[in-house]
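Take a look at the structure below.
The values are calculated or read from the model by the stated rules, or taken from the named source; none is laboratory data. Just so we're clear, the structure is a prediction, and the values are computed from it rather than from any experiment. All Cβ positions, even for glycine, are placed from backbone atoms using ideal geometry, and neighbour counts span all protein chains on display. Accessible surface areas use protein heavy atoms only, side chains included; no ligands, DNA or RNA. Shrake-Rupley method; radii C 1.70, N 1.55, O 1.52, S 1.80 Å.
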Amino acid sequence: MELLHSGKVRDVYADGNDLLLVASDRVSIYDVILPTPVPGKGKILTQLSLWWFGKLKDLAPNHVISATAVPDEWQGRAIRCQRLEMLPVECIARGYLTGQGLSAYRQSGRVSGVELPPGLVEASKLPEPVFTPTTKAAEGHDEPITYDDVVSEIGADTAAEVRRITLEVYRRGAELAAERGIIVADTKLEFGRAKDGTLVLADEVLTPDSSRFWPADDYEPGRPQKSYDKQYLRDWSATLDWDRTEPGPEVPAEVVSRLTGLYTDLFNRITAE
């Protein structure tokens, strides 16, 4: 096998006509890989993605070929998947106002060019989910773009299709999570084209690395929310004298343990497995 790419969390290997997508225990915040791994994180991300791919397969085809036809040392954390020509945009659906979306709204009343009602506060539920795409930066930070920018980048038909699927995936995910007492505030998806031109859902889906999950019984607009995702790590890093550039800080054992617990609890609540 040939290592094609090593990302912030995942390594991609070529194996014949297939790819192996291997989720490591690395963790990143603000696009900086921290030096401390989170034991078991890669397996949780992989197994949760596989569970969601199964629940969403009627909305869009996905890249999964097999979750078991992988080397023994990667069992549980690797997926054998199709080779795709990946689209150069990140597809984000937001149902609640938080993170970069909140910052943009406070400046202009808009998020990625989408005008939102006045008077919203942190964690407000939006009247309906919105599509707020970003660039897919090889290095540095992804930057917000408008839907028109997506059209210019990948064409009107493809832009309309990824927007439709992204919002449908978000709605399905939010509905299933709500039944389990979890709010999905937002989620990020990636798509690619198969050799026959089919648009395919790829990478990861509705994981705590790509989405914001809040406990519904603690939800209260107007303040930061408790979370089951990397926000806990971002909040911890805000207490440090760190400028969000490399090198990242070492993560204390108690913070690693807490993050592992949050990821595990989310997996158990969502999947009931």
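May I ask you to compute the full-extension gain from Ala216 to Lys125, defined as 0.36 nm times their residue separation minus their alpha-carbon distance, rounded to one decimal in nm?
Taking Ala216 through Lys125 to full extension adds about 31.5 nm, to one decimal.
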For the chain, give the percent of accessible area contributed by carbon and sulfur heavy atoms, probe 1.4 Å, rounded to a whole number. 48
Rounded to the nearest 10 Å², what accessible area does Ser210 show when all protein chains are kept and the probe is 1.4 Å? 10
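Can you work out the accessible area per residue across the chain, with the rest of the protein chains kept in place, probe 1.4 Å, in square angstrom?
Details: 12920 Å² over 273 residues.
Each residue of the chain exposes 47 Å² on average to a 1.4 Å probe.
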Please say if the range 119-175 is rounded, prolate or oblate, where rounded means a/c under 1.5 for a ≥ b ≥ c the square roots of the C-alpha gyration tensor eigenvalues, and otherwise the choice is prolate for a/b larger than b/c and oblate otherwise? oblate
Rounded if a/c is under 1.5, else prolate if a/b beats b/c, else oblate: with a ≥ b ≥ c from the C-alpha gyration tensor eigenvalues square-rooted, which is the chain? rounded
May I ask you to list the trypsin sites (Lys or Arg not before Pro) in the range 34-73 that are in a DSSP loop and have at most 14 other Cβ atoms within 10 Å of their Cβ? Lys57
Expected unfolding gain across Tyr30-Ala238 under the 0.36 nm per residue rule, minus the alpha-carbon gap, is 73.7 nm
At a Cα cut-off below 19 Å, give the lysines reachable from Lys230, other chains included and same-chain residues fewer than 8 away excluded. Lys8, Lys41, Lys43, Lys188
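Report the full-extension gain for the segment Ser103 to Ser152: residue separation times 0.36 nm, less the Cα-Cα distance, to one decimal in nm. All intermediate terms of the calculation are to be shown ahead of the outcome.
Details: separation 49, 0.36 × 49 = 17.64 nm, distance 2.52 nm.
That works out to 15.1 nm of additional length.
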Label point at Glu2 placed 7 Å out along Cα→Cβ; residues across the range 76-93 whose backbone nitrogen lies under 16 Å: 83-84
Using helices alone, I'd like the mean residue ellipticity at 222 nm for the chain: each DSSP H run of four-plus residues gives -39500 (n - 2.57), total over residue count, nearest 500. -10000 deg cm²/dmol
In the range 162-206, which GluC sites (Glu not before Pro) fall in coil by DSSP and have 10 or fewer other Cβ atoms within 10 Å? Glu179
Could you state the orientation-averaged shadow area of the convex hull built on the Cα atoms of the range 29-115, in nm² to one decimal? 8.6
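How would Arg244, Arg77 rank on accessible area, largest to smallest, probe 1.4 Å?
Numbers: Arg244 115, Arg77 40 Å².
The ranking, largest first, comes out as Arg244, Arg77.
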So what does Val184 come to for accessible area, using a 1.4 Å probe and Å² rounded to 10? 0
